[in-house]
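Contents: one structure, followed by commentary.
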Amino acid sequence: MPNDGYKNLISLRKGTQYVRRRLLRVVLLTGMLAQHLYSDAGGQKTFELEEPFQRPVPVPQRVVTILRSALQNFDCGDGKTFADVSASWFTAADVRLNGSGLPALVVKASQNGACLDGANIGPFWVFEHRGYQYNMLLNENALVLTVLDSFTNGYHDIQLNAALGGGRYVGYLKYEFRRGQYRLASRRTVRAN
């Protein structure tokens with residue numbers, strides 16, 4: 001009879017392991033589903049340089065400070081300097097780039113900062129809000145920025161489009177975890193017929 005107790009213990013352990021594995025699967029699948037649903041809950045996914053954002057939000061002063069530093073060597077040619085850069089130069093929109101729930105902002109120049117734009121091209125910045133600070137994840141020029149459904153390192157991939165003489169440029173950016181920023185993964189030029 002001592003073997004019966006041992007067999008029951010082994011059976012109980014196997015049953016517990018089975019329950020743990022099933023529970024882990026459920027948790028993982030639920031997390032993946034929640035990540036997909038939450039990441040797509042950010043609303044707007046395509047941001048055009050020449051069109052207003054669907055739901056603009058105020059540009060935080062911390063972001064303006066980072067942008068002012070990034071633009072310190074920029075010359076608008078009208079006597080304005082980087083010290084003149086203020087929140088009114090930019091417009092922002094909320095976006096969800098990952099499933100962690102950390103908010104992010106897509107920022108572009110507003111009418112007050114229109115001197116930053118070129119012909120069919122202008123700067124887009126993406127910032128992630130962590131605690132009390134903002135981290136710049138992207139600083140690129142484009143005509144259109146699109147948040148794609150595909151993921152790299154837990155972040156949505158980004159596509160940039162720009163008009164070129166006789167065609168358009170398409171760049172695909174992926175999040176690089178070590179650098180904490182997006183990097184260009186591939187690009188192509190599409191010639192107009």
*Kindly check whether there is at least one residue in segment 123-130 that is of a type outside the set (A, V, I, L, M, F, W, C), touching a strand residue (DSSP E or B) at 6+ places or on another chain (Cβ under 8 Å) and closer than 20 Å to Gly43 by Cα.*
yes
*Determine whether segment 70-82 contains at least one residue that is part of a helix (DSSP H, G or I) and not polar (S, T, N, Q).*
yes
*Tally time: how many residues in segment 42-65 are part of a helix (DSSP H, G or I) and more than 22 Å from His156 (Cα to Cα)?*
4
*Do we have Tyr175 as in a strand (DSSP E or B), assigned by TED's automatic domain parsing to the domain that holds Ser100 and touching a residue at least 40 places away in the same chain (Cβ under 8 Å) here?*
yes
*Do any residues in segment 157-168 that are more than 9 Å from Val190 (Cα to Cα) have Cβ atoms under 6 Å from those of residues that are modelled with pLDDT of 90 or more and among the polar types (S, T, N, Q), where the two are at least six apart or on different chains, and which pairs are they?*
Asp157/Ser150; Gln159/Thr146
*Please find, among Ala163, Ala119, Ala104, Ala185, the residue that is small (Gly, Ala, Ser) and touching an Asp or Glu at 6+ places or on another chain (Cβ under 6 Å).*
Ala104
_Residue satisfying all of: in segment 139-156; outside any strand (DSSP E or B) and of a type outside the set (Gly, Ala, Ser); surrounded by the most Cβ atoms within 10 Å (Cβ to Cβ) among these_ = Leu143
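For (1) in contact with a Gly (Cβ under 9 Å, 6 or more places away or on another chain); (2) modelled with pLDDT of 90 or more; (3) surrounded by fewer than 15 Cβ atoms within 10 Å (Cβ to Cβ), each residue gets a yes or a no:
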| position | (1), (2), (3) |
| --- | --- |
| Ala119 | no, no, yes |
| Phe124 | no, yes, no |
| Arg130 | no, no, yes |
| Tyr134 | no, yes, no |
| Leu137 | yes, yes, no |
| Ile158 | yes, yes, no |
_Go through (1) within 20 Å of Gly118 (Cβ to Cβ); (2) touching an Asp or Glu at 6+ places or on another chain (Cβ under 6 Å) for Val57 and report which single condition fails._
(1)
*Only one of these is over 19 Å from Asn161 (Cα atoms) and without any contact (Cβ under 8 Å) to a residue 24 or more places away in the chain: Gly131, Gly99, Gly113, Gly118. Name it.*
Gly131
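The values are calculated or read from the model by the stated rules, or taken from the named source; none is laboratory data. What you are looking at is a predicted structure, and each value in this text was computed from that prediction instead of being measured. Positions of Cβ are generated from backbone atoms using ideal geometry, with glycine treated the same way; all protein chains shown enter the neighbour counts.
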